[in-house]
Every structure is written in C-alpha cells, then in structure tokens.
Amino acid sequence: MNRREFLASAVAASSGPVLLGMTRKADDPNPVIGIGEHRYQCFHNWGELPDNLAWQTTHNVAIDSSGLVYITHQGIGNLMDTVLVFDPKGKFVRSFGKEWHGGGHGIEIRKEGNQEFVYLSNTWNKWKLVKTTLTGELVWAFGRPECPEYENPKTPYNPTNVSWLPDGGFTVGDGYGSNYMLNFDKNARLQQVFGGSGKQLGKLATPHGQWFDNRNPNQPVLIVCDRANHRLQTFTLDGKPIRATEPDQIVFFPAHAKTRGEVLLVADLHARISLFDAQNKPIVHLGEDKPWREKVVASLGKGMTPIRTQPKEWPAGKFVHPHDACFDAQGNIFVVEWVATGRITFLKKVA
C-alpha cells in the first residue's frame, strides 16, 4: 500500500446511508455506533502486548473455533513474529512466524477434518502462501505459481488474501501483483487463473480481498474487493463475472470481505466498516463521517503528516484505515487497521 495509490482513490461524496450511530456523549472513549440490531460499543486498542513485542503496521485478523484471535502485522522494524494470538479478552497467548517478518498480510483459519489450519499470504516475502497449524508448525509453503500467466519472471506476484472454496480448495487474490485470481484445489495445486488487469467487468485492479459468499445457497459466489476500481465484483466460483457495483457508489476502497448469516461485512480503507444485507443493500457504514474521511485521505498527500501515524488524532468511534475485520461467534466484530502503530478495535454487539 502506498500514498500515491491511496490518494488516487480518494472520493469526496458517498451514496447510501451515512450513519455514525449513537454515542452517550461526545468525549466517551467507548461510544456506541450503528443502528437498530447492528449497534456496537467501541473498544479501541484492544489486546495486551508483552514488553518484547510491538505492532509494526497491523493488517489482518482471523478467529479459531475456540475463540482465539490471530492478528498479522507486516513487520516494519525490529525482527519479530508475524502472527500474534490473543484470547477473547485480549490476553496475549503466543506468537509465531519470524521467518515471514516484513511480509505479514492476509490470514484465514479453516477446519479440515478434526484439525484447524492457518493460511497466510505473505505479500512481500519469498514464501507467498503458507499453511501452518494453529501454533505455527509449517505444513507447506509456496512461492510463485507455475502457469503461463506467471511464466515471465518479471511478472509480479504478491498475493494479499486467501478465501475458501466449498470443495476444500481455496482462492488467492494477487492484489499487489498482476491482478489475477487463482483457484487451488485442496492439495494446493493450481486449477484456474482468471481476472487480470482492467476496468471492464471481469477485470480487476488490486483484488485485495475476496470471500466465498453462500448467503444464497442456490447460487454461491465469490465476492472480490476490487479495490483500485472502487467496487465489489461478483464471480461464479469458477471465475465467470456476474456483476460489479458502480465505482465509488457502494464502497470506496474495499480491503476485505466476510459474511455472517445474511450480513456481508466489508472493511473499507477509507475510514469505515460497511454492513450489507442479503441483497447487498447497505445497512450501515460504521464510523462514517465524511469530513473525517476526507481529512484522513488528504493527510497521505505529499508533504503531509499522515493521520495514520498520529494516534492522538484518532477520535473514539471512528476509524482511520480499516484493513480487515471479522465476526466472532457472538456477532461482535474485530477491526484491524493499516496504521503505523497498529490498532485493533473490538466492536461489542449491544443490540
């Protein structure tokens, strides 16, 4: 992620609901945001780090079946583990992955048989895709894919996120590389490549995150966060494009997507978390505040001091750059932001 790309994406207006929700008073450190049954109390700076660890640009989050929370950070600074694990109350449990320092990005967890596994996309590292146990023991690691699209060694390959396929395979988005989507089978063998660079339907610009959407069981689809095109795209599971949202109308700069029940959650790097219903209509944009969003994006301009480096400027109940978010089993939301000092927000469901 760089300032030039982010600034080029800036937009001044939005459509759909513009909703901050409710708070008890303006200086409340834990305000309630949202509407109706989608109301959440904000607890910023969640998670207690041990003295020997410090956040180095937080990126993504996943939760295992026991409720443990796994956070990745990129690793910009002193050598340390890439994945940090906490219990549901924020107490540090363990960490692993020094060998991926500097490349920490996407993380997802899946149960396979009787065991759960961590899948990592280490964007700027030699091993681009990694599978481990929950405690970090390596199962496999892969570099560049072997296929015609990447036959030229100068063709960039920097995957950003992983999502699941119902047959046990998984999909990888080459978000910081060549804008392809890659389907792998359950044995991590490449099966299909689709997408590629462009603005037309089926083409992509920074497919930064994606998710298997089974809310309509009669037509499961893949939702792709087509970030630099400022839209969400929907594909069949074998890569045929179905539809795309109008640029800058539904999302601004979508980073990743998840579902729970009939709700689609999208972390938008332009300072908000969006929830959509089963028809993909906006329910609420959590943290939405147009003047704040414009200030955050403008601060990435040349000669400016980015707000992402100034924690004292971050108001409670608002976000800076949400990079990933996920629901826990109770419907609470964990938000991880692309900020220099790291920031995890626990959104406790209150309705």
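Which fully enclosed strands (runs of 3 or more DSSP E) of region 92-201 have 1 or more residues being among the basic types (Lys, Arg)?
Details: elements: 92-96, 106-112, 115-121, 129-133, 138-142, 161-164, 170-173, 180-184, 190-195.
Ranges flagged: 92-96, 106-112, 129-133.
Provide a single number: the residues in region 194-204 that are touching an Asp or Glu at 6+ places or on another chain (Cβ under 7 Å) and either more than 27 Å from Gly104 (Cα to Cα) or surrounded by fewer than 19 Cβ atoms within 10 Å (Cβ to Cβ) (or both).
The first filter runs over region 194-204 and keeps only residues touching an Asp or Glu at 6+ places or on another chain (Cβ under 7 Å), leaving 204.
Narrowing further to those that are either more than 27 Å from Gly104 (Cα to Cα) or surrounded by fewer than 19 Cβ atoms within 10 Å (Cβ to Cβ) (or both): none.
Here the count works out to 0.
Among the residues of region 150-166, count how many are buried (at least 19 other Cβ atoms within 10 Å of the Cβ) and either of a type in the set (Val, Ile, Thr) or in contact (Cβ under 8 Å) with a residue 40 or more places away in the chain (or both). So that I can check it myself, show each step before the final result.
So in region 150-166, the residues buried (at least 19 other Cβ atoms within 10 Å of the Cβ) come out as 150, 157, 159-163.
Checking which are either of a type in the set (Val, Ile, Thr) or in contact (Cβ under 8 Å) with a residue 40 or more places away in the chain (or both) leaves us with 159-163.
So the count comes out to 5.
Can you list the strands (runs of 3 or more DSSP E) lying wholly within region 202-274 that have 1 or more residues being small (Gly, Ala, Ser) and in contact with a Gly (Cβ under 9 Å, 6 or more places away or on another chain)?
Output list reads 207-213, 241-244, 254-260, 263-268.
Any chance region 80-90 includes a residue that's farther than 18 Å from Ala325 by Cβ, touching a His at 6+ places or on another chain (Cβ under 9 Å) and free of Cβ contacts under 8 Å to residues at least 40 places away in the same chain?
yes
Assuming Val172 fulfils every condition listed in (1) touching a Ser or Thr at 6+ places or on another chain (Cβ under 8 Å); (2) exposed (fewer than 15 other Cβ atoms within 10 Å of the Cβ); (3) within 24 Å of Asp226 (Cα to Cα) apart from one, which condition is it?
Evaluating Val172 over (1) touching a Ser or Thr at 6+ places or on another chain (Cβ under 8 Å); (2) exposed (fewer than 15 other Cβ atoms within 10 Å of the Cβ); (3) within 24 Å of Asp226 (Cα to Cα) leaves (2) as the failure.
Only one of these is hydrophobic (A, V, I, L, M, F, W, C), at pLDDT 95 or above and in a loop (DSSP other than H, G, I, E, B): Val296, Val339, Val335. Name it. I'd like the intermediate steps shown before the answer.
Numbers: Val296 fails: in a loop (DSSP other than H, G, I, E, B); Val335 fails: in a loop (DSSP other than H, G, I, E, B).
Unique residue meeting the criteria: Val339.
Yes/no per residue for (1) among the small types (Gly, Ala, Ser); (2) under 18 Å from Ser274 (Cβ atoms); (3) surrounded by fewer than 24 Cβ atoms within 10 Å (Cβ to Cβ):
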| site | (1), (2), (3) |
| --- | --- |
| Asn216 | no, no, yes |
| Ala228 | yes, yes, yes |
| Lys240 | no, no, yes |
| Thr245 | no, yes, yes |
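Condition test on Ile283, is it closer than 26 Å to Gly34 by Cβ, crowded, with 19+ Cβ neighbours inside 10 Å and in contact with a helix residue (DSSP H, G or I) (Cβ under 6 Å, 6 or more places away or on another chain)? Steps first, please.
Details: closer than 26 Å to Gly34 by Cβ: yes; crowded, with 19+ Cβ neighbours inside 10 Å: yes; in contact with a helix residue (DSSP H, G or I) (Cβ under 6 Å, 6 or more places away or on another chain): no.
No: the conditions fail for Ile283.
Yes or no: region 178-196 includes at least one residue that is closer than 30 Å to Asn332 by Cβ, over 17 Å from the mean Cα position of the chain (by Cα) and modelled with pLDDT of 95 or more.
no
The values are calculated or read from the model by the stated rules, or taken from the named source; none is laboratory data. From a predicted model like this one, the values you see are computed outputs, not experimental measurements. Note: ideal-geometry Cβ built from the backbone for every residue, glycine included; neighbour counts use all protein chains shown.
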